[in-house]
Amino acid sequence: MAAFRDMEELCQGLLSLLSANHAAAQQRRLLGRYGQMMERLLEAQDGAEQQLREILKAEKDVAQSLLDAKEQACQGVAELQQIEAKLQKASEEDTHLKASLLQLTRELEDLKEIEADLEKREKEVDEDTTVTIPAAMYVAQLYHRISKIEWDYECEPGMIKGIHRGPSVAQPIHLDSTQLSKKFISDYLWSLVDTEW
């Protein structure tokens, strides 16, 4: 603003010089003022250019900061999406593992029930065999004493083999149960028993 006022004054001074036809002193004074005014104008221009450069640099820095912030935001969004995907996958695996665990727990409970049932049956079988085996052994010993027959337990299936130790002579027994009836075999074996006590 001051530069324009000075210019206006200069113009008025030049007009007054032309109209009044003053001397060289007034001309020097006006030229001196003109020189000062030009110096101030150049200084103002330099200052304005410097401020403009600073403003452009600040704008460039702000723009770069915005670009960096936008890039970081994009990276943050991408990382967030990756984390959400991992979380979703982990949630699905967790659900699957819980289902598997529940199924395995049910199977374990079933196996425990089966094991308890087997232990109960085994105990019953043990009790039965404790009663049955001695009774069966007693009956087998009784039959052996009465019949005096020593059985061959290693013979082929379907064959009845052994030795009857009678009062006077030992007699081998060799019968095929696939060709003979059970009644015949029973009658034959009872016929070997000595009726005299």
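Here are the numbers:
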read-out	value
Extension reserve of the Arg53-Ser177 stretch, reckoned as 0.36 nm per residue once the Cα distance is removed	32.3 nm
Long pairs among Lys161/Lys183; Lys120/Lys161; Lys148/Lys182, criterion Cα-Cα beyond 28 Å	Lys120/Lys161
J(HN,Hα) series, region 189-194, from Karplus relation 6.51 cos²θ - 1.76 cosθ + 1.60, nearest Hz, glycine and proline x	5, 6, 6, 7, 6, 6
Rounded to the nearest 20 debye, dipole of region 63-194 from Cβ charges on Lys, Arg, Asp, Glu	740 debye
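Readers should treat all values here as calculations from the given coordinates under stated rules, not as data from a laboratory. Computed from a predicted structure; not experimentally measured. Glycine also receives a Cβ, built like all others from the backbone with ideal geometry; neighbour counts cover every protein chain displayed.
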